[in-house]
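Below is one structure, written out as structure tokens; comments come after it.
Any read-out appearing in this document is the output of simple, stated calculations on the displayed coordinates, not a laboratory observation. In this text, all values refer to a predicted model and were calculated from it rather than measured experimentally. Here the Cβ positions follow ideal geometry from the backbone for every residue, glycine too, while neighbour counts run over all protein chains shown.
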Amino acid sequence: MKVLLVHPPVCDPTMPYVATPLLAACLEREGVEVRLLDANLEALDWLLSPARMAALEARVRHRFSRLDRVGELSHPQQLAWLSLYDGLSAAAALRGPGGLDEAKAILRGQRGDQFYDPERYGWAADSVDSALRLASASCSPLSMDLRSYRTPFSFLDAQEIRSDASEEKDPFHDWFAGPLCERVERERTDLVGISVVFPGQLQPAWSMAWVLRSRFPGLRLVVGGPALTQRMAHLPPETALRLLAPFDCAVLFEGEEALADIVRQASKGRMPSGVIRGQPVRDLAGLPFPSFDRLPLARYLSPEPVLPYDASRGCYWGRCAFCHYGPVEAGTAAYRERPAEVIADHMERLGRLGARIVYLSHDTLSPSLGSRLAGLLSERQSTIRWASDLRPEPALSADWCARVARGGALAYSLGIESGSPRILKLMDKGTTVDNASRAVRNLAAAGIAAEAMVFLDFPTETAAEAEETLRFLEGHHDALSLFMCGTFGLTTGSRVAGCPAQYGLRSVFRVAGDEFRTALFYEENRAAKTARQREAVDTRLEEVSSRWRLRTYPWAGSLSTAHTLLWVERFGPGIFRGRGPLPPRADALPDVRPRHSPERLADRAFALEAEAWHKLIHEKRTVGRQAWKSVVAELSAKRAKGNRSQ
């Protein structure tokens with residue numbers, strides 16, 4: 001068997017992910033011939049080429065010129081017009097000396113120290129973001145960035161998935177049909193395994209699979225990964241089979257043993273089909289060193305390799321009410337660790353591949369493992385720097401922080417979640433605000449970058465409790481290197497979803513038309529915040545955020561990314577509290593004279609669109625293309641009648 005393991009678009013192109021290199025090493029240990037393909041890196045590199053951008057701009061310009069000639073735009077046409085106009089704005093922003101090739105060269109460290117120059121770095125990162133906006137507009141209504149990939153009806157049913165995989169709607173289609181298929185044919189591949197780690201990879205993985213299935217009907221196609229598991233684990237069997245249309249089978253949960261068994265059976269002519277439930281690896285000591293050397297490390301958009309490594313799996317606390325994370329059916333996986341000696345050995349091997357910084361990519365690091373690992377690295381006089389995620393608990397004492405700092409600790413992201421004692425208790429977080437405060441200050445005193453992860457709008461959270469979280473961030477400005485503030489989202493396998501009444505929720509519901517269960521909604525017994533209070537909280541968050549140089553993932557100024565770690569290693573933990581990567585630049589104006597006003601059109605279209613989706617979800621409780629068209633027509637008629645009466 002010749003196996004190709006693929007990491008699909010679209011996610012962070014600044015560093016590889018650990019899944020496919022580890023799966024490759026497990027298969028190679030059994031004598032399987034394996035190739036690795038980071039399609040996220042290679043397809044994005046292909047997309048972010050001047051020639052491709054020129055072709056996409058021409059497509060956007062042609063469609064815009066035709067649509068702009070329409071005198072009275074319908075609501076769908078307004079949305080399309082705005083998307084195309086935004087694409088032309090992005091294209092205008094890309095013009096200038098060097099263009100995308102220069103931006104990629106800066107991000108790869110090929111222009112001296114320009115990667116560490118805030119203005120040049122900001123220009124390069126903004127250029128990549130602008131290119132993705134242009135690509136999105138060319139396949140409108142697609143919205144794609146390095147965090148997500150979605151259309152209004154993404155993944156609702158098999159028909160929408162197949163439609164979004166078409167050449168007109170998929171900016172990667174020509175790469176899938178060209179370079180990818182050429183490689184599969186050239187290497188005489190027997191089986192392709194696609195690893196879906198992040199939600200933004202779901203549709204591209206299916207689009208890729210449809211192209212491969214059309215070109216190579218006999219090719220075995222397998223899909224797996226954490227994002228896939230969370231999407232499929234709760235689907236009825238018949239629904240799961242409809243979702244898997246282009247694939248032979250899917251592996252849910254941990255995949256090392258299951259994939260090896262699939263390859264063994266396929267080599268004997270007995271290719272498994274349907275949903276296969278993988279089993280957790282109980283002894284992580286037996287896992288091999290990931291095959292990162294099989295990847296083109298110099299091509300990632302980073303001046304040097306920053307490599308991930310899974311030192312542990314699962315969460316040793318495992319009780320947070322909001323959490324459903326990773327390849328498990330509910331909550332988090334049982335906690336397991338690799339031996340500290342194995343981790344230290346593997347980190348030094350990563351160093352020999354050029355990685356001075358290693359990111360321990362897992363749910364959380366136990367303080368005891370962190371202490372043992374730091375001790376070993378210190379004894380060996382290792383120069384490896386490393387980062388990870390931590391729970392902010394009493395074990396993070398001043399002595400512990402000093403010990404791990406001596407062992408190379410560079411940055412830790414802390415799951416602080418909230419600054420409200422009541423909300424922390426309701427979450428069953430198992431920590432306190434005082435614990436979090438001491439952890440932040442102890443890490444900062446030891447010279448380790450302390451990053452805070454918090455979120456607002458946990459059920460029943462009041463405006464005053466949201467303010468407690470914001471005051472925590474503000475009050476620790478002198479010690480926090482960075483923070484990320486998100487919004488609560490309900491997930492199927494969490495305790496909140498399973499026991500909603502305990503958290504002040506009147507109901508938890510799905511909507512008709514969402515065949516593949518892409519979203520879960522809820523209603524509170526009573527609103528904890530008024531609309532005016534929500535606006536005030538948003539304003540306060542903007543005020544607090546302005547005191548740091550924050551950027552969106554995966555750029556320097558976002559949590560635990562390769563670029564952030566490199567900037568911290570170069571300049572120190574305080575780099576993002578003052579000088580640092582500049583905020584995104586102002587949009588360039590497109591070189592067109594539009595018939596319509598983009599500002600007035602945006603005000604009308606986005607307000608109606610928000611109203612339509614609120615009505616669909618919370619009143620009609622149904623979604624889908626036809627339902628949306630019906631509601632939009634109803635609201636548009638009502639708005640037109642109101643305008644006439646005025």
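Here are a few things to note about the model shown:
- Within a straight-line Cα-Cα reach of under 21 Å, Lys268 can be paired with the following lysines, leaving aside sequence neighbours fewer than 8 residues apart in one chain: Lys2.
- Placing dummy labels 7 Å off each Cα toward the beta-carbon, the span from Lys620 to Ser49 is 4.3 nm.
- With the simple spin-label model, which puts each label point 7 Å out from Cα in the Cβ direction, the Glu72 to Glu119 separation comes to 5.1 nm.
- Partner lysines for Lys641 [C-alpha distance under 20 Å; skip if fewer than 8 residues away on the same chain]: Lys615, Lys629
- With contributions of -39500 (n - 2.57) from each DSSP H run of at least four residues, the per-residue ellipticity at 222 nm computed over the chain stands at -13500 deg cm²/dmol.
- Pairwise FRET efficiency - Leu353 versus Leu541, Cβ, R0 = 51 Å, nearest 0.05: 0.80
- Cysteine residues of the chain whose C-beta has no other cysteine C-beta under 4.7 angstrom: Cys11, Cys26, Cys139, Cys181, Cys249, Cys315, Cys401, Cys485, Cys499.
- Sorted by Cβ neighbour density within 10 Å, fewest at the top, the residues Ile617, Ile423: Ile617, Ile423
- DSSP bridge analysis restricted to the chain gives an antiparallel fraction near 15%, rounded to the nearest 5.
- Exposure proxy ranking for Thr469, Thr364, Thr432, Thr14, based on other Cβ atoms within 10 angstrom of each Cβ and starting from the fewest, stands as Thr432, Thr364, Thr14, Thr469.
- Potential extension, Arg242-Glu182 segment - 0.36 nm per residue separation minus Cα distance: 18.8 nm
- What you get for the chain, charging only the Cβ of Lys and Arg (+1) and of Asp and Glu (-1), is a dipole of about 860 debye around the Cα centre.
- Within the shell defined by Cβ-Cβ distances under 15 Å, the residues around Leu365 carry a net charge of +1, with Lys and Arg each +1 and Asp and Glu each -1.
- Given charges at Cβ of Lys, Arg, Asp, Glu: the chain dipole, positive-most of Ala240, Leu373, Leu191: Ala240
- Exposure proxy order (Cβ contacts within 10 Å, fewest to most) of Arg120, Arg577, Arg406: Arg406, Arg577, Arg120
- Exposure here means at most 15 other Cβ atoms within 10 Å; with GluC sites (Glu not before Pro) in a DSSP loop as sites, the longest stretch of the chain lacking them is 330-646.
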